[in-house]
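Engineer: One structure follows; several queries about it will come next.
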Amino acid sequence: MVALPTWIVEALAEYRAVHGDCDVPPDFETPASQAEGSQPLGKVVKSVRESRSVHDDDDVNVLDSLGFNWTIKKKDSEGRCLGRCTARDNQGRKANKFVPWETLVEALEVFHGMMHSLEGMTDFHVVPRACEKNIWPMAARDVVLASIIPWLRSQFYVLDDDICLRVHDLELHTDLPRWSVLMAHLNAYRRIHGHCRVPIDFIVSPGTAGWPAEALELPLGVLAFKVGLQLTSLSDSKRTDLASVRFEFNTIDTWRNVLDALLVHRQLHGTVSVRQGFFVPCDKGYPPSLWHRRLIFWVKRLFEARRLCLLTADTVSALEYIETGPAAGAFDALATMPGSPDTSASTDGLWHLVEWALWVYNYTHDDLDIPADYVVPDVPTTPTLLRGFRLGAAYAQLHQQSTMSPSRRQRFEMNFGITFTAPDTDL
């Protein structure tokens with residue numbers, strides 16, 4: 001297996017943060033100012049996608065987390081899209097092979113027809129002479145059948161719905177609803193909540209009105225995030241379907257409950273390091289959507305998303321505050337924030353909170369015309385930590401602050417157009 005150099009993942013994450021996808025043009029090069037100097041990222045991405053070398057599983061998972069577009073532009077003689085799998089020759093050497101998805105599923109169907117199950121095919125590969133006898137599709141020769149299954153899962157929503165139906169008939173990936181069913185669930189969410197900004201932790205709970213029985217315990221938030229990552233890989237018709245339900249990907253709502261839970265954990269335990277065996281209790285201010293669930297699962301995803309530049313600016317500000325701000329009494333400290341000479345260690349964390357509040361206001365109002373008496377409302381659509389914050393007073397005097405580092409001033413200036421009148425103070 002071939003491991004990817006670290007710079008490729010980092011450069012691809014930065015590209016996605018700027019452009020919103022991983023569809024790097026073939027002639028794109030990274031800026032010369034990078035530590036590695038200018039690199040031909042476009043050519044490298046094309047090589048990764050079309051390489052015959054088998055990639056390391058961890059690298060594939062990271063690229064999937066970025067929504068990497070694995071689609072091969074070339075098609076077979078019948079115009080069918082090519083999927084990927086691993087092939088093994090008679091000397092035991094393995095390499096990527098590109099075969100139509102229909103053929104890969106057909107190969108699994110042949111095995112299932114013989115064995116009445118897909119168990120026991122861990123190292124099974126299709127020998128050429130069996131293809132010559134018309135037992136297996138010719139294009140599947142040398143294919144290691146087990147290698148097909150993870151790619152079917154990775155690309156499930158990129159595939160045509162009829163292929164997905166055949167995959168389900170093989171009792172594979174039945175936890176992933178077919179596209180038409182997923183769209184019905186997203187439409188139900190929009191109808192119930194008035195929008196289609198699904199939090200990543202959202203699961204259809206027992207007794208929730210408005211949902212069909214088959215949706216019970218469905219991790220709709222995770223599925224919506226998966227689809228959002230793969231938007232540019234989807235067909236035009238599927239993107240039209242998403243637009244019809246007003247689907248929004250990676251918004252201010254995506255990580256809200258996870259952030260709230262992490263904040264409560266820090267307030268109670270003094271740290272954002274969560275134990276592996278910690279289950280969210282049904283009290284102490286934790287969001288109900290995470291009750292009885294392992295917090296570490298969501299926190300790991302949150303920090304990995306930050307590493308891959310997948311968090312929105314408001315979410316980054318919120319997470320930075322939770323990590324660096326005071327564990328409690330944030331509003332007590334902020335009560336004297338405007339114009340105060342406070343240079344305590346917690347000050348930088350408080351700026352994260354102010355920045356977060358400004359992102360939320362701008363997102364919900366589409367402007368920064370904040371009345372001087374504006375207080376963040378105590379409503380379900382507002383992040384818990386911000387409710388009751390006197391944002392109007394803070395914003396009115398923000399330009400007078402002298403206890404802010406130049407780098408943070410630059411963030412406020414670039415993101416919110418604030419002009420500071422107080423001199424710089426490098427903390």
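No value in this document is a laboratory result; all are computed from the given coordinates. Fair warning: this is a prediction, and the values are worked out from it, not measured in the lab. Cβ atoms come from the backbone with ideal geometry, glycine included; neighbour counts cover every protein chain shown.
Engineer: Spin-label point model (7 Å from Cα, Cβ direction): what's the ASP175 to SER38 distance in nm?
Structural biologist: Calculated label separation equals 4.6 nm.
Engineer: Shifting gears a bit: How far apart, in nm, are the 7 Å Cα→Cβ label points at ASN134 and ARG80?
Structural biologist: If labels sit at ASN134 and ARG80, their model points lie 1.7 nm apart.
Engineer: Picking from ALA305, ALA261, ALA243, which is most flexible by a Gaussian network model of the chain using Cα springs under 10 Å?
Structural biologist: ALA243
Engineer: State the extension gain, in nm to one decimal, for the chain segment bounded by HIS195 and SER47, taking 0.36 nm per residue of separation less the distance between their alpha-carbons.
Structural biologist: 49.3 nm
Engineer: By how many nm would the segment from THR240 to GLN276 lengthen if fully extended, with 0.36 nm per residue of separation less the alpha-carbon distance?
Structural biologist: Full extension from THR240 to GLN276 adds 8.9 nm.
Engineer: Next up: Rank the residues TYR374, TYR395 as a footprinting-exposure proxy: fewest other Cβ atoms within 10 Å of their Cβ go first.
Structural biologist: TYR374, TYR395
Engineer: Report which label in [x] 42, 35, 19; [y] 54, 25, 19; [z] 46, 26, 19 holds the value of semi-axes √(5λ) of the Cα gyration tensor in Å derived from the coordinates of this structure.
Structural biologist: [z]
Engineer: Continuing with this model, one more query. Test of understanding: ordering PHE420, PHE247 by Cβ neighbours within 10 Å, fewest first, what list do you get?
Structural biologist: Going from least to most buried by this count: PHE420, PHE247.
Engineer: Let me ask something else about it. Which of the residue pairs LYS46/LYS94; LYS43/LYS300; LYS73/LYS226; LYS46/LYS133; LYS133/LYS238; LYS43/LYS226 have a Cα-Cα distance greater than 28 Å in the structure shown? Mind dumping the intermediate values first?
Structural biologist: Working: LYS46/LYS94 20 Å; LYS43/LYS300 31 Å; LYS73/LYS226 22 Å; LYS46/LYS133 36 Å; LYS133/LYS238 39 Å; LYS43/LYS226 26 Å.
Check vs 28 Å cut-off fails for LYS43/LYS300; LYS46/LYS133; LYS133/LYS238.
Engineer: Fully extended, how many nm does the chain gain between VAL375 and ILE296 (0.36 nm per residue separation, minus their Cα-Cα distance)?
Structural biologist: 25.2 nm
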